[in-house]
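Data block below; observations after.
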Amino acid sequence: MLTTFSRARRTALVALLLSLAPFAARADALDTIAKNGTLRVAVPEDYPPFGSVGADMKPQGYDVDMAALLAKSMNVKLELVPVNSANRIPYLTTNKVDLVISSLGKTPEREKVLDFSTAYAPYFQGVFGPADIKVSDPADLTGKTVGATRGALEEIALSQMAPNATIKRFEDNNATISAFLSGQVQLIAAGNIVAAAILAKNPPRRPEAKFIIKDSPCFVGMNKNEPRLLAKVDDTIAQAKKDGTLNTMSKKWFSQPLPASL
C-alpha cells in the first residue's frame, strides 16, 4: 500500500511529465525542414539589389542567393516567399516561412520576438567617391564637396562629423546621384544600396567606399528557441565568409568587396 508520502511523490512526478509533454512533442525546426524537404524563406521582391524580379520574371538578388546557399547547405529544396517590410516578421511568427532573409536589421524590439544569425550582408551609410580622391575619415573632407539627400541619416550624421566639409543637399536620392554623376559634387554620402545603383549605371566616375558613417548589417531572422537551426545558419554563414562566397556575392550585387568589419 502506498504511503501518503509515496502518493504525493507519484502525483508530483505525473504532473511533471505532463507539463513536459508539449515540449517533447514539439518538432525541432531543423528536423521539420529536413522532413519536409523544403526551406521556406521570406525574401524581398522590390528592394534591389537585395531582392527583385528579373527580366526572366524570376527572383534575384543578394538575399535570394543567400537563401539558396542555406537551402543547399541543408540539402533541401528552396521555396521563396515574397514579402515586404510590413509582413516579413508576421510571416515568420505565424509559421508561413522558416526564415526571413530580407535586408533585416537587428533592433531591441525585434530581438524580443526573433532570434538573429550572425551578419550575412553589409548595409551601411558611408561616403563614396572616385579612386583618385583620397579620403579615409571625416577630417579628410575639409575642402571637399559632398552630395547628400536632405534629411537622410547620412546627411544628418555627416553634418556633425565633418563640419568643415561643403555638403550640397538634394531633395531625393535620384537628384543626389545625378549631382555625383554630373560632377556637381566630388563625393557622395549615401547608403551602400545607392552606391550600388550608381555602379549599375557603369559611370566613368565609379564610386568606391571611403569610410562608413553608420554600420547596420543584415541578419537572418528565425523564431526564438531554435538553437539547432540557428547554429546551422551561423555555420553556413561562417563557411561562406571563409571560402569567399559572400565576398563574391557582395561584388556581384553591390559592386563592392565584403567589408572587413562584417
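The values are calculated or read from the model by the stated rules, or taken from the named source; none is laboratory data. If you're wondering where the values come from, they're calculated on a predicted model, not measured in any experiment. Positions of Cβ are generated from backbone atoms using ideal geometry, with glycine treated the same way; all protein chains shown enter the neighbour counts.
Looking across segment 47-96, the residues that are within 23 Å of ASN247 (Cβ to Cβ), in a helix (DSSP H, G or I) and of a type outside the set (Phe, Trp, Tyr) come down to ASP63, VAL64, ASP65, MET66, ALA67, ALA68, LEU69, LEU70, ALA71, LYS72, SER73, MET74. For segment 241-262, a residue qualifies if it is within 27 Å of PRO108 (Cα to Cα), aliphatic (A, V, I, L, M) and modelled with pLDDT of 95 or more, and exactly one does: LEU246.
Applying the condition of being in a helix (DSSP H, G or I) and out of contact with any Phe, Trp or Tyr (no Cβ under 9 Å at 6 or more places or on another chain) to segment 121-153 and asking which residue is nearest to LYS252 (Cα to Cα) yields LEU153. When you look at ARG205, is it in contact (Cβ under 8 Å) with a residue 60 or more places away in the chain, out of contact with any Asp or Glu (no Cβ under 6 Å at 6 or more places or on another chain) and either within 19 Å of SER136 (Cα to Cα) or not in a helix (DSSP H, G or I) (or both), yes or no? It is true that ARG205 is in contact (Cβ under 8 Å) with a residue 60 or more places away in the chain, out of contact with any Asp or Glu (no Cβ under 6 Å at 6 or more places or on another chain) and either within 19 Å of SER136 (Cα to Cα) or not in a helix (DSSP H, G or I) (or both). Taking every residue in segment 246-262 that is part of a helix (DSSP H, G or I) and pairing it with any residue that is among the hydroxyl-bearing types (Ser, Thr, Tyr), at least 6 positions away or on another chain, the pairs with Cβ-Cβ distances below 6 Å are MET249/TYR62; TRP253/TYR62. Any residue that is crowded, with 17+ Cβ neighbours inside 10 Å, in contact (Cβ under 8 Å) with a residue 60 or more places away in the chain and out of contact with any Asp or Glu (no Cβ under 6 Å at 6 or more places or on another chain) - is there at least one of those in segment 171-181? Within segment 171-181 (the criterion being crowded, with 17+ Cβ neighbours inside 10 Å, in contact (Cβ under 8 Å) with a residue 60 or more places away in the chain and out of contact with any Asp or Glu (no Cβ under 6 Å at 6 or more places or on another chain)), the answer is no, since none of the residues qualifies. Set side by side, the residues LEU158, LEU99, LEU153 differ, and just one is under 24 Å from ALA197 (Cα atoms), surrounded by 20 or more Cβ atoms within 10 Å (Cβ to Cβ) and in contact (Cβ under 8 Å) with a residue 24 or more places away in the chain, which is LEU158.
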